[in-house]
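The values are calculated or read from the model by the stated rules, or taken from the named source; none is laboratory data. What you are looking at is a predicted structure, and each value in this text was computed from that prediction instead of being measured. FYI the Cβ positions are ideal-geometry reconstructions off the backbone, even for glycines, and counts take in every protein chain you see.
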Amino acid sequence: MKNVLTVEGLAYERNSRLLFKQLTFQLFPSQILHIVGANGSGKTTLLQILTGLRTPLIGKVMWNGISIEKNNINFTENLLYVNHRLGLKSTLNPVENLYLYLSRRNLIHKQSKQKVIHDIYQVLEQLNLRDCSKRLLMQLSVGQQRRLSLAKLLLIKADCWVLDEPFTSLDNAGVAFLSALMEKHSAEEGSIVFTSHQTNYSLSSGIKKIFLDPKPC
């Protein structure tokens, strides 16, 4: 089967403290994996390992049966990682930020700038952010900035979404919008890994959960 993320025997240690060990699972198309844990339990660290940004103490991560270290180009082309730091520049407006992000992923070289900007405005409309399109990121509320980060999910086609605390700072409408977006991605055979410290979200009944417990210092 294509587009399967496999994790085998992961362990990670920080400052002589073991965050997790013997972590093993598989994520198949259409599946949603919810990683639950308190602050300090290693949720973000685990996502960084899954996306190749951090090396585990032991264990391996594979995409379609091949280590992501050896299959990096194929994996990153099929991966969209949205973390809690947003990855946006405070001195740019939403349109400029998203255009820069797409440029860095080499996704606009075959399209005209006018077409890309048109698509960005359409996405901002869906997120109720069109009226904020000329304002600098630093002038947006935290909730508006979080919604802007969701634009990446609408602009970029990727089989596997990795989302770090995606529901944080969203209002009820934002939570409902993101939940529907995740359900749609799953229905289209996409896979999702997301983290939170809460356990209940109105998502597919087939959702898988992994609980990470904070270890004593």
> in contact (Cβ under 8 Å) with a residue 40 or more places away in the chain, outside the structural domain of I49 (by TED's automatic domain parsing), surrounded by 12 or more Cβ atoms within 10 Å (Cβ to Cβ) and within 19 Å of the chain's Cα centre (by Cα), is that true of L98?
Replying inline: yes
>> The conditions are (1) outside the structural domain of K2 (by TED's automatic domain parsing); (2) surrounded by 17 or more Cβ atoms within 10 Å (Cβ to Cβ), and I210 fails exactly one of them. Which is it?
In response: (1)
>> Just to be sure I understand, how many residues within segment 76-93 are surrounded by 14 or more Cβ atoms within 10 Å (Cβ to Cβ), under 22 Å from M182 (Cα atoms) and without any contact (Cβ under 8 Å) to a residue 60 or more places away in the chain?
In response: 1
> Looking at I108, I73, I49, I58, which is the one that is touching a strand residue (DSSP E or B) at 6+ places or on another chain (Cβ under 8 Å) and either surrounded by 15 or more Cβ atoms within 10 Å (Cβ to Cβ) or at pLDDT below 95 (or both)?
Replying inline: I49
> Among I58, I35, which is the only one that is closer than 17 Å to T195 by Cα and not polar (S, T, N, Q)?
Replying inline: I35
> Restricting the search to segment 27-59, which residues are among the hydroxyl-bearing types (S, T, Y) and either touching a Leu at 6+ places or on another chain (Cβ under 7 Å) or not in a loop (DSSP other than H, G, I, E, B) (or both)?
Replying inline: S41, T44, T45, T51
> Is at least one residue of segment 60-80 of a type in the set (G, A, S) and in a loop (DSSP other than H, G, I, E, B)?
Replying inline: yes
> For the subset of segment 111-152 comprising residues that are basic (K, R) and either outside any helix (DSSP H, G or I) or touching a Cys at 6+ places or on another chain (Cβ under 8 Å) (or both), which member is surrounded by the most Cβ atoms within 10 Å (Cβ to Cβ)?
Replying inline: R135
> Got at least one residue in segment 29-40 being over 13 Å from S191 (Cβ atoms) and within 16 Å of the chain's Cα centre (by Cα)?
Replying inline: yes
